[in-house]
1. Which residue is farthest from Glu272 (Cα to Cα), if the candidates are limited to segment 226-249 and must be modelled with pLDDT of 85 or more and in a strand (DSSP E or B)?
2. Looking only at segment 204-218, decide whether some residue is of a type in the set (A, V, I, L, M, F, W, C), part of a loop (DSSP other than H, G, I, E, B) and modelled with pLDDT of 80 or more.
3. If a residue has to be surrounded by 10 or more Cβ atoms within 10 Å (Cβ to Cβ) and within 17 Å of Gly360 (Cα to Cα) to count, how many in segment 190-203 make the cut?
4. For Arg143, which of the numbered conditions (1) more than 23 Å from Glu53 (Cβ to Cβ); (2) among the basic types (Lys, Arg); (3) surrounded by fewer than 16 Cβ atoms within 10 Å (Cβ to Cβ) fails to hold?
5. Here are some residues: Ala378, Ala407, Ala382. Which one is surrounded by 14 or more Cβ atoms within 10 Å (Cβ to Cβ), more than 18 Å from Val284 (Cα to Cα) and modelled with pLDDT under 90?
6. Tell me whether segment 99-109 contains one or more residues that are closer than 19 Å to Glu60 by Cβ and not in a helix (DSSP H, G or I).
7. Among the residues of segment 259-269, write down those that are within 9 Å of the chain's Cα centre (by Cα) and either without any contact (Cβ under 8 Å) to a residue 24 or more places away in the chain or over 13 Å from Glu291 (Cα atoms) (or both).
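The values are calculated or read from the model by the stated rules, or taken from the named source; none is laboratory data. Since the model is a prediction, treat every value here as computed from it, not as a measurement. Note that we place each Cβ from the backbone using ideal geometry, even for glycine, and neighbour counts take in every protein chain shown.
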Amino acid sequence: MEPFLRRSPCSDLDTDLLEMLREIAKMQMGHGLDYDSKILEKARESAERRFEEAQRRRDEASEELEAIEAELLMEAVEQLLESERSIEQILEDLEFNEERRRLEAEIEELGKESQKLTRADLDDTLSEFERRGLIDAKTPTIRLTSKGARILGQGFLSRILEGLSRRGVGPHRVEEVGHGPWFSSACRPYEPGDPYERISIEGSLLAALERGGSISDLRVDDLRVHEAVHHAEVHFGILVDQSGSMNRDGKIEAAVETALALSELMRIRFPEDRLRVFAFSEEVREVEPWELPDIAVPMKYTDIRAALRAFRLAVAHEAGNKQAHLITDSAPNFEDGEFIGFERAMAGVLAEARRYRMEGIVLNIVMLDEDPELREMAKAIARQNLGRVFFTNPGDLGKTMVEDYLASKRELLRL
């Protein structure tokens, strides 16, 4: 097993820290804290310490007050016996003694200390995160910083790799650049052993026409294949559906966690690769992985074609292997700012999938819904591109995506 799997650089991260960062990310996405959340648990412990400290100080102040009152009483008796001052003057001095009044006020204030959880307890719990630069609490909504998101991604990655390592799957050291299945526009005659996916349909048909043949009598000698360009870099796209249904069952949280984990895996082990994340619903935005929890897009309709187009255009002039993973649980129904219904929107998605195939981009569909019609839709999109379909659930999304990425890297390095 690789050293990276024996001792992941992410494995020493504090479990409580990671869980609290995860809860902060959920808060950032508009979700509340569960009663048994780690943050509230720590805040309740802070409240308990605060109350116990207030009680301790109240007892301490009460003892100090008793001692001062006893001392003042002795002084009053001595003054009454030895001076000509009236008893009213002596009692007035006793009543308005500054130290006595200060302690009485402090005891009264400490008696008001509540055992209940307060905002101050929550702020106290989060103050350490802010001091370490993991969160920004100065905004109306607490947000993860890029540093906090990176640590959270390392935690997710560690858990995923531990699970995969038990199945014998994991990252391997890249000693040299391999050959990636990124095809140039140049074609050559087919040779036995050439991968079928490199066959150029257009080039093969033109070759048949040039010899005077027709489409109906295409021969092996007519077949043309694209030349492979030698690259091991991967442009890995994650297209995250943010329509309303993705806010149920932890789907959007799983997509965020997956993006953060993949970002850290590439940063740590495969810096030559690039992760590109697009959030979409009615609109599309390219974001950094750590920005994903804070992205808000209109959530009523779903424009899948726009998301596919955005990634295709973003990598159009990039060399290397290009893969997009569409993470969704719904069907398309929106295109270019207009609701057009499923059939028209689906036709546009299929057309875009064919563009992917023509431009050498692999399109994989990750379906997070068990609806039979949605599953058939996912298969139909993948067939247009010769991509794959993953039927999974939010709990397994991270493992599915990381395993697929690692499998792609191994395949590239073998070619």
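1. Asp241
2. Going residue by residue through segment 204-218, those that are of a type in the set (A, V, I, L, M, F, W, C) are 205-209, 215, 218.
Narrowing the set further to residues that are part of a loop (DSSP other than H, G, I, E, B) leaves 218.
When the remaining residues are screened for being modelled with pLDDT of 80 or more, the result is 218.
Within segment 204-218, one or more residues are of a type in the set (A, V, I, L, M, F, W, C), part of a loop (DSSP other than H, G, I, E, B) and modelled with pLDDT of 80 or more.
3. In the first step, residues of segment 190-203 are kept if they are surrounded by 10 or more Cβ atoms within 10 Å (Cβ to Cβ); the result is 190, 194-195, 197-203.
Cutting the leftovers down to within 17 Å of Gly360 (Cα to Cα) gives us 194-195, 197-203.
Adding up the residues that qualify gives 9.
4. Exception for Arg143: condition (3).
5. Numbers: Ala378 fails: modelled with pLDDT under 90; Ala407 fails: surrounded by 14 or more Cβ atoms within 10 Å (Cβ to Cβ).
Only one candidate qualifies: Ala382.
6. Step one: list which residues in segment 99-109 are closer than 19 Å to Glu60 by Cβ, which gives 99-109.
Of the ones still in play, those that are also not in a helix (DSSP H, G or I) are none.
No; the residues of segment 99-109 include none that is closer than 19 Å to Glu60 by Cβ and not in a helix (DSSP H, G or I).
7. Going through segment 259-269, the residues within 9 Å of the chain's Cα centre (by Cα) turn out to be 259-261.
Result: Ala261, single match.
The rows are residues; the columns are (1) aromatic (Phe, Trp, Tyr); (2) outside any loop (DSSP other than H, G, I, E, B); (3) closer than 30 Å to Glu233 by Cβ; (4) not assigned by TED's automatic domain parsing to the domain that holds Ala310.
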position	(1), (2), (3), (4)
Phe342	yes, yes, no, no
Gly348	no, yes, yes, no
Arg354	no, yes, yes, no
Arg357	no, yes, yes, no
Asn364	no, yes, yes, no
Glu370	no, no, no, no
Arg375	no, yes, no, no
Lys379	no, yes, yes, no
Arg383	no, yes, yes, no
